[in-house]
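Novice: Starting off with a structure, shown below.
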Amino acid sequence: MSLAKSDPPLQRYSVWNRLNHWLVAISFVLLVLSGLPFFHPFFWSLTALFGGPTMTRILHPYIGLFMTLMFLFMAVAFFKESLIKRRDLQWLRQIRDVLANRDERLPPVGKNNAGQKLVYWIMLGCIVLLLVTGLLIWQPYFAGAVPITLRRLASLGHAAVAFVAILTLIIHVYSGIWVKGSFQAMVRGRVSWAWARHHHGLWYEEEREKARKRRAIDRRHATPTNRQESP
Amino acid sequence: MRGDQINLQNVIARSATQVPSPQERSDGVERVTKLIDVSRCIGCKACQVACAEWNDLRDEVGHNVGEYDNPLDLTPDTWQVMRFDEYEDEQGNLEWLIRKDNCMHCAEPGCLEACPAPGAIVQYANGIVDFNSEHCIGCGYCVSGCPFDVPRISKKDHKAYKCTLCSDRVFHGLEPACVKSCPTGSIMFGTREEMLGLAETRTDFLKGRGYDNAGVYNPEGVDGTHVIYVLQHADRPGLYSHLPEDPRISPLVDAWKGVTKPLASMAIGIAALTGFFHYVTAGPKVHGEEDEAAVREDEAREREREERP
C-alpha cells in the first residue's frame, strides 16, 4: 500500500476496507438512482442515467445482487467493531450534545461510535430485507412463481425498506461531510492522532498502546546502528 | 393502427402521471360497456378465435388435458379464454357455467395504479383501459395491481399484455371482435346505460325462469367494470371459475402506491435539506488545538519513559 506524503500517520481503514466500502457505496447510490423512478414518477427522468426505463428495470436487480455480495464482505470485516456496547447507549442518550458539537461532554468512543454502529446494523437489516423482497418481485425470473399476495407484500416491503435505507444513507453521507477528516479517512485510510483522540478516545488509547508495544519490540530487535537512527 | 394508442386526446387516466391528462372531449364521450350474458353462452369459443384473429395472436398449440378450457389460462398471446365449470345445483341438476374471462376494464384499474411507467397504461374517456406496450418496462407491477389476475408478461419481450376491448375497433365505431363473432348474442356491446339496462332485462328474464339469484356482476369495489356479466348465480360469483366476490385493489397495493410514496419522497428531500441546514447552524465537527497538544504531551511522556534506561 502506497502512502502519500500528506497522509496522516494513523491507519484507520485498510486498502481492502476502503475499496470494499466504495464499491458498496457506488452500487448503493446506483441502486437509489435506478430505484427511485419506480418508487415515484417524480424521479422518472433518472431512468435516462441508465439507458432508458426498461434498461433501468433490467439493471437494478443485478446492481442489487452485486451490492449484497460486496456488503457481505464488509459486514464480516466490520462485524466485531460494530457490536453495540453499554457505553454506546450513553453516547446515544447524549445525541443532543453530539448534534450540537459539545464533544467535550461526550463519553470516550471506541473505533466506531454508536451512530456508525447503528448505520451498520440498520443497513445490514435493510439489505437482507431488500434482497429477499427484491428476489420475490424480480421479473422475469422469480416473480412469476410467487403467489400474488406475497408479491404485493414484497413490493410494499421493498419500497418501505428502501425508504429506511435511503434515510440512513443520507445520515451516513452527511456525517462523513460533517465530521471533518472522516471522509479523508475512508478515502486514504488514515487519520491524525489528534483526530483519533478527539472523535474516538478509546480507540486512540488502544492505538497508542499498540504503537508503544511495536516500539518496544523494535528496540529489542534493533541493532546498535538502527537504534541511533530511530529516535 | 393496432398497438398504437388510438385516442390520445381522450385519455382520462395515465399511469405514473401527476399532471392532468388530456381530456378535451371527455365530457361528451359516452362510456362503453361489454355485456357477457353467461346464461346464453354455448361455449363455442368463436369469441376466442375472433380475438386471436383480429389481434393477430397465435398462441402455441397446447395439449388436451381432459377439459374444454384451452388454453388453460390467459397468456400473453391469449387475451381471453373460455372457462368451463360443471355445477350441480341443490336439486342435483347439472349446469354448465361457461365464463368468458378477459380484462374487466375497471373504472378504477389496479394495473394503472400500480404501473410505474408513465403512459404504459391509459384509461380512455369511454372507459377502455389500454396497455401501451411501447412504454411498458416489464416490471410486472400491473399483475400485482390487478384484482382479476388478467395481465400476463410475455416471455418473448417481457412486456405486459391483455385484452384491449378492441380499442382500435371501438375508436372507429365498430364493436369488439368477440361481440361481432358471438352466434348466440350472449356478448353485447354499447353505451354503459344501454348495457346496464339490457342486463337488468336479462336478469328479470332469468328470475322468471327460476334463477332467483340471477344478477349483474358489476363490482362496486373497483367502481364498476366496463365488462359486465349476467350471472345465473350472482350471489356466488366464485362458482364461475373463481370470479372474485368483491374485487378491489388490494390494500397492500394501495398502501404501496397511495399517499405514502409522495410523503416518503418528500421525507427524503427534507432529510437531505435538514443535513445541510444542520451544517449551516451547528457547523462541522472538528478536533481542536487541545487535541493536538494532548497528543504531543502523550508522545513526550512515552518518549521519556522509553528512553529511561
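The values are calculated or read from the model by the stated rules, or taken from the named source; none is laboratory data. Keep in mind it's a predicted model, so treat the numbers as computed, not measured. We place every Cβ from the backbone using ideal geometry, glycine too, and count neighbours over all the protein chains shown. Please note that ligands, DNA and RNA were not included when accessible areas were found on the heavy atoms of the full protein model with its side chains. Shrake-Rupley method; radii C 1.70, N 1.55, O 1.52, S 1.80 Å.
Novice: Being more than 9 Å from chain A (Cβ to nearest Cβ) and not aliphatic (A, V, I, L, M) is the filter here; which residues of the stretch B:258-269 pass it?
Specialist: Answer for the stretch B:258-269, where residues must be more than 9 Å from chain A (Cβ to nearest Cβ) and not aliphatic (A, V, I, L, M): B:G258, B:G269.
Novice: Against the condition within 7 Å of another protein chain (Cβ to nearest Cβ), touching a residue at least 12 places away in the same chain (Cβ under 8 Å) and surrounded by 17 or more Cβ atoms within 10 Å (Cβ to Cβ), how does B:V295 come out, does it pass?
Specialist: no
Novice: When both residues are 6+ apart or on different chains and their Cβ atoms are under 9 Å apart, which pairs have a first residue that lies in the stretch B:20-38 and is farther than 24 Å from B:P219 by Cα, and a second that is open to solvent by 80 Å² or more (accessible area, probe 1.4 Å) and not in a strand (DSSP E or B)?
Specialist: B:P22/B:L8; B:P22/B:Q9; B:Q23/B:Q9; B:E24/B:Q9; B:R25/B:Q9
Novice: Follow-up question, since we're still on this one. From the list A:W178, A:W203, which residue is over 30 Å from B:K155 (Cβ atoms), facing another protein chain (nearest Cβ under 8 Å) and surrounded by 17 or more Cβ atoms within 10 Å (Cβ to Cβ)?
Specialist: Residue meeting the stated conditions: A:W178.
Novice: Of all the residues that make up the stretch A:184-200, how many are within 11 Å of chain B (Cβ to nearest Cβ) and in a helix (DSSP H, G or I)?
Specialist: Going through the stretch A:184-200 one residue at a time, the tally reaches 7.
Novice: I'd like the residue in the stretch B:21-72 that is open to solvent by 40 Å² or more (accessible area, probe 1.4 Å) and of a type in the set (K, R) and, out of all such residues, is farthest from B:K155 (Cα to Cα).
Specialist: Ranking the candidates gives B:R25 first.
Novice: Same structure, new question: Restricting the first residue to the stretch B:258-270 and requiring it to be within 18 Å of B:S15 (Cβ to Cβ), which pairs with a second residue that is open to solvent by less than 40 Å² (accessible area, probe 1.4 Å) meet a Cβ separation below 6 Å and a spacing of at least six or different chains?
Specialist: Close Cβ pairs satisfying both conditions: B:K261/A:H40; B:S265/A:H40.
Novice: So, one more: Filtering the stretch A:42-63 down to residues that are open to solvent by less than 40 Å² (accessible area, probe 1.4 Å) and of a type in the set (S, T, Y), which residue is farthest from A:W138 (Cα to Cα)?
Specialist: A:T47
Novice: Let me ask something else. Tell me, yes or no, whether the stretch A:72-95 has at least one residue that is farther than 30 Å from A:R208 by Cα and aliphatic (A, V, I, L, M).
Specialist: yes
Novice: Out of all the residues in the stretch A:9-28, which are surrounded by 14 or more Cβ atoms within 10 Å (Cβ to Cβ), of a type outside the set (K, R), in contact (Cβ under 8 Å) with a residue 40 or more places away in the chain and part of a helix (DSSP H, G or I)?
Specialist: A:N17, A:N20, A:H21, A:L23, A:V24, A:S27, A:F28
Novice: Going through the stretch B:139-154 one residue at a time, which ones are among the hydroxyl-bearing types (S, T, Y) and either under 22 Å from B:G224 (Cα atoms) or open to solvent by 30 Å² or more (accessible area, probe 1.4 Å) (or both)?
Specialist: Across the stretch B:139-154, the qualifying residues are B:Y141, B:S144.
Novice: Pairs under 7 Å by beta carbon, first residue more than 17 Å from B:C111 (Cβ to Cβ) and more than 10 Å from chain B (Cβ to nearest Cβ) in the stretch A:133-162, partner among the aliphatic types (A, V, I, L, M) and assigned to a loop (DSSP other than H, G, I, E, B), six or more apart or different chains?
Specialist: Once the first residue is more than 17 Å from B:C111 (Cβ to Cβ) and more than 10 Å from chain B (Cβ to nearest Cβ) and sits in the stretch A:133-162, its partners that are among the aliphatic types (A, V, I, L, M) and assigned to a loop (DSSP other than H, G, I, E, B) give A:L136/A:V146.
Novice: Among the residues of the stretch A:59-66, is there at least one that is away from chain B (no Cβ under 13 Å) and touching a Gly at 6+ places or on another chain (Cβ under 6 Å)?
Specialist: Within the stretch A:59-66, one or more residues are away from chain B (no Cβ under 13 Å) and touching a Gly at 6+ places or on another chain (Cβ under 6 Å).
Novice: Just to be sure before I move on: is A:L167 at the interface with chain B (Cβ under 7 Å from one of its Cβ atoms), closer than 20 Å to B:C115 by Cβ and assigned to a helix (DSSP H, G or I) in the structure I sent?
Specialist: Taking the combined requirement at face value, the residue does not satisfy it.
Novice: Looking at B:E108, is it at pLDDT 95 or above and either among the acidic types (D, E) or farther than 20 Å from A:I137 by Cα (or both)?
Specialist: For B:E108, the condition - at pLDDT 95 or above and either among the acidic types (D, E) or farther than 20 Å from A:I137 by Cα (or both) - is met.
Novice: Further question on the same structure: Give just the number: which of (1) open to solvent by 40 Å² or more (accessible area, probe 1.4 Å); (2) assigned to a helix (DSSP H, G or I); (3) closer than 30 Å to A:G176 by Cβ; (4) not small (G, A, S) does B:E200 not satisfy?
Specialist: Of (1) open to solvent by 40 Å² or more (accessible area, probe 1.4 Å); (2) assigned to a helix (DSSP H, G or I); (3) closer than 30 Å to A:G176 by Cβ; (4) not small (G, A, S), only one is false for B:E200: (3).
Novice: Which one of these does B:K257 not meet: (1) within 18 Å of the chain's Cα centre (by Cα); (2) buried (at least 18 other Cβ atoms within 10 Å of the Cβ); (3) of a type in the set (D, E, K, R); (4) at pLDDT 95 or above?
Specialist: (4)
Novice: Any residue at all in the stretch B:122-138 that's touching a residue at least 24 places away in the same chain (Cβ under 8 Å), assigned to a helix (DSSP H, G or I), surrounded by 22 or more Cβ atoms within 10 Å (Cβ to Cβ) and not acidic (D, E)?
Specialist: For the stretch B:122-138, residues touching a residue at least 24 places away in the same chain (Cβ under 8 Å), assigned to a helix (DSSP H, G or I), surrounded by 22 or more Cβ atoms within 10 Å (Cβ to Cβ) and not acidic (D, E): absent.
Novice: Looking at the stretch B:270-292, is at least one residue closer than 30 Å to A:T168 by Cα, within 33 Å of the chain's Cα centre (by Cα), modelled with pLDDT of 90 or more and at the interface with chain A (Cβ under 9 Å from one of its Cβ atoms)?
Specialist: No, the conditions are met nowhere in the stretch B:270-292.
Novice: If you check A:P108 against the conditions, is it within 13 Å of chain B (Cβ to nearest Cβ), touching a helix residue (DSSP H, G or I) at 6+ places or on another chain (Cβ under 8 Å) and either in contact (Cβ under 8 Å) with a residue 60 or more places away in the chain or not small (G, A, S) (or both)?
Specialist: Considered against the rule, which asks whether it is within 13 Å of chain B (Cβ to nearest Cβ), touching a helix residue (DSSP H, G or I) at 6+ places or on another chain (Cβ under 8 Å) and either in contact (Cβ under 8 Å) with a residue 60 or more places away in the chain or not small (G, A, S) (or both), A:P108 comes out as yes.
Novice: Applying the selection to the stretch A:14-34, what residues are under 29 Å from A:E81 (Cβ atoms) and in contact with a His (Cβ under 7 Å, 6 or more places away or on another chain)?
Specialist: A:L31
Novice: Quick check on my filter: what residues within the stretch B:65-90 are within 19 Å of B:D235 (Cα to Cα) and assigned to a loop (DSSP other than H, G, I, E, B)?
Specialist: Within the stretch B:65-90, B:D89, B:E90 meet the criteria.
Novice: A:S6 versus (1) surrounded by fewer than 17 Cβ atoms within 10 Å (Cβ to Cβ); (2) touching a helix residue (DSSP H, G or I) at 6+ places or on another chain (Cβ under 9 Å); (3) not in a loop (DSSP other than H, G, I, E, B): which is the lone unmet condition?
Specialist: A:S6 satisfies all of (1) surrounded by fewer than 17 Cβ atoms within 10 Å (Cβ to Cβ); (2) touching a helix residue (DSSP H, G or I) at 6+ places or on another chain (Cβ under 9 Å); (3) not in a loop (DSSP other than H, G, I, E, B) except (3).
Novice: Separate question: So for the stretch B:130-143 (the condition being more than 9 Å from chain A (Cβ to nearest Cβ), more than 10 Å from the chain's Cα centre (by Cα), over 13 Å from B:R14 (Cβ atoms) and not basic (K, R)), does at least one residue qualify?
Specialist: yes
Novice: Here's another thing I want to ask about it. With the requirement that a residue be in contact with a Cys (Cβ under 6 Å, 6 or more places away or on another chain), open to solvent by 20 Å² or more (accessible area, probe 1.4 Å) and in a helix (DSSP H, G or I), what does the stretch B:155-193 give you?
Specialist: If the condition is that a residue be in contact with a Cys (Cβ under 6 Å, 6 or more places away or on another chain), open to solvent by 20 Å² or more (accessible area, probe 1.4 Å) and in a helix (DSSP H, G or I), then B:S181 is the only one that fits.
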